[in-house]
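Readers should treat all values here as calculations from the given coordinates under stated rules, not as data from a laboratory. All values derive from a computational prediction rather than experimental measurement. No Cβ is skipped: glycine too gets one built from the backbone with ideal geometry, and neighbour counts run over all protein chains shown.
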Amino acid sequence: MPSLSDLTRSLSRLASSETLRRTWNVLRHAPGGGVLMGQILGNLAPYTGTIRPEVLTLEEGYARVRMRDRRAVRNHLSSVHAIALMNLGEVATGVAMMSALPGDMRGIITHLEMDYLKKARGSITAECRAPLAVVGERREYDVQADLTDEAGEVVARARARWLIGPATH
């Protein structure tokens with residue numbers, strides 16, 4: 001049985017774009033594969049797991065991630081809490097950006113902001129397109145995720161800045 005540190009090291013490799021895409025290619029056709037992918041992301045970044053993200057689509061530089069409506073993500077007004085929406089925006093921009101990285105590159109978020117456009121109710125889906133990063137170049141990339149409700153109306157818009165650069169070992 002693998003130790004906790006072995007498991008953590010194995011999970012941390014998912015942060016590479018190649019492993020992220022390869023894992024998704026295995027899970028995307030499996031029943032519940034998007035939910036499982038969300039759980040894996042939540043294990044990598046535990047706070048992300050609090051919204052129980054479900055990956056709907058993941059391609060190079062593109063992600064669609066859903067958060068189902070449930071009591072744990074609601075506020076006192078019976079709508080989705082602002083920070084749950086921010087968390088969904090962050091995971092969508094992060095997965096899109098990480099999937100666009102060349103090998104041996106990594107990223108970290110340096111800025112995140114959100115515009116709340118209307119009350120969010122029901123399941124919310126975040127969609128983000130990220131540019132392909134330049135191999136070996138350290139620089140910041142600005143990406144945006146639109147968060148829509150089940151009717152397709154944009155309820156919030158996240159803007160994130162990701163610092164991308166060569167991984168150091």
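Report the calculated FRET efficiency for Thr50 and Thr168 (r = Cβ-Cβ distance, R0 = 41 Å), to the nearest 0.05. Don't jump to the answer; show the numbers that get you there.
Values: r = 29 Å, r/R0 = 0.72.
Once the sixth-power term is evaluated, E becomes 0.90.
Looking at the stretch 58-156 from every direction and averaging, what is the projected area of its Cα convex hull in nm²? Could the numbers behind the result be given before it?
Numbers: hull surface 25.6 nm².
Taking the Cα atoms of the stretch 58-156, their convex hull projects to 6.4 nm² on average.
Using mean Cβ contacts within 10 Å as the protection proxy, how do 86-97, 45-56, 22-33 order, highest first?
On the way: 86-97: 26.1, 45-56: 18.1, 22-33: 13.2.
Those peptides, ordered most packed to least, come out 86-97, 45-56, 22-33.
With +1 on the Cβ of every Lys and Arg and -1 on the Cβ of every Asp and Glu, and nothing else charged, how large is the dipole of the stretch 4-166 about its Cα centre, in debye rounded to the nearest 20?
Details: 22 positive and 18 negative charges, 83 e Å.
Once rounded to the nearest 20, the dipole reads 400 debye.
With θ taken as phi - 60° and the coefficients 6.51, -1.76 and 1.60, list the Karplus ³J(HN,Hα) couplings across the stretch 98-105 in order, rounded to whole Hz; mark glycine and proline as x.
5, 6, 9, 7, x, x, 6, 10
Hey, if you drop one equal point scatterer on each alpha-carbon of the chain and run the Debye formula without solvent, what base-10 log of I(q)/I(0) do you get at q = 0.10, 0.11 Å⁻¹?
With one equal scatterer per Cα and no solvent, log10 I(q)/I(0) is -0.36, -0.43.
Got a sec? Which residues in the stretch 133-169 would a label at Asp104 touch, if it sits 7 Å along Cα→Cβ and we count backbone N under 19 Å?
133-139, 164-169
Defining a contact as two alpha carbons under 8 Å apart and six or more residues distant in sequence, what relative contact order in percent does the chain show? Each step should come with its number before you reach the end.
Numbers: 365 pairs, mean separation 35.3, N = 169.
Taking the mean separation of contacting Cα pairs over the length of the chain, I get 21 percent.
Under the rule of at least 5 residues apart or a separate chain, name every residue whose amide H is placed under 5 Å from the amide H of His81.
Here Arg74, Asn75 satisfy the definition.
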